[in-house]
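The next block holds one structure in the form of structure tokens; read it before the comments.
Since every read-out is calculated from the coordinates, none of them should be taken as a lab result. Since the model is a prediction, treat every value here as computed from it, not as a measurement. Virtual Cβ from ideal backbone geometry, glycine too; neighbours counted across all protein chains shown.
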Amino acid sequence: MSEYKIGVVGAGKMGEYHIGVLSEMRATDLIGIVDSDQERAKTISERYNVPCYGHYRDIISRVDLVVIAVPTSLHYTIGKEFLNAGVHTLLEKPCTDDLGQARELFYLAEKKNVTLHIGH
């Protein structure tokens, strides 16, 4: 069984849920978490024994898959960067605040041959 290198952007309630689940999965390597609240990131990092990073761009080249659990207003910008880098992406719901942006993300995922999934 191969390991997937996974990062989580956003360590709030939903982000921590994902971090907890991913930290227990054998076929994954949770390489890091990112949160704009450095104290929160450090607390979660220590709780799950996973590195934390100061900015989501710090993990883009290190992951095969990312979970994005940040406020919806940031989904498009952050999701687009990961998809452009060829990273499989799970966005927490809702996908975006704008239907056109959501369509663009799905088009980009198809173009880059990566999976874009919306959590629910």
Summed over the other residues with a beta carbon less than 15 angstrom from that of LEU105, with K and R at +1 and D and E at -1, the charge totals -1
Under a Cβ-Cβ cut-off of 13 Å, what is the net charge of the residues other than ALA41 that fall near it, where Lys and Arg count +1 and Asp and Glu count -1? -3
Can you list the aspartates and glutamates whose alpha carbon sits under 18 Å from that of LYS13, skipping same-chain ones fewer than 8 residues off? GLU24, ASP35, ASP37, GLU39, GLU46, GLU92
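Please compute the net charge surrounding GLY12, taking Lys and Arg as +1 and Asp and Glu as -1 over other residues with Cβ under 12 Å from its Cβ.
Residues near GLY12 contribute -2 overall.
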Taking the Cα centre of region 1-113 as the origin and placing charges on Cβ (Lys, Arg +1; Asp, Glu -1), which of TYR48, VAL63, TYR17 is farthest toward the positive end of the dipole? VAL63
Quick check: convex hull over the Cα atoms of the chain, volume per residue in Å³, rounded to an integer? 92 Å³
What dipole magnitude, in Debye to the nearest 20, does the chain give about its Cα centre under +1 on Lys/Arg Cβ and -1 on Asp/Glu Cβ? 160 debye
Set LYS42/LYS112; LYS5/LYS93; LYS5/LYS42 screened for pairs whose C-alpha atoms are more than 27 Å apart: LYS42/LYS112
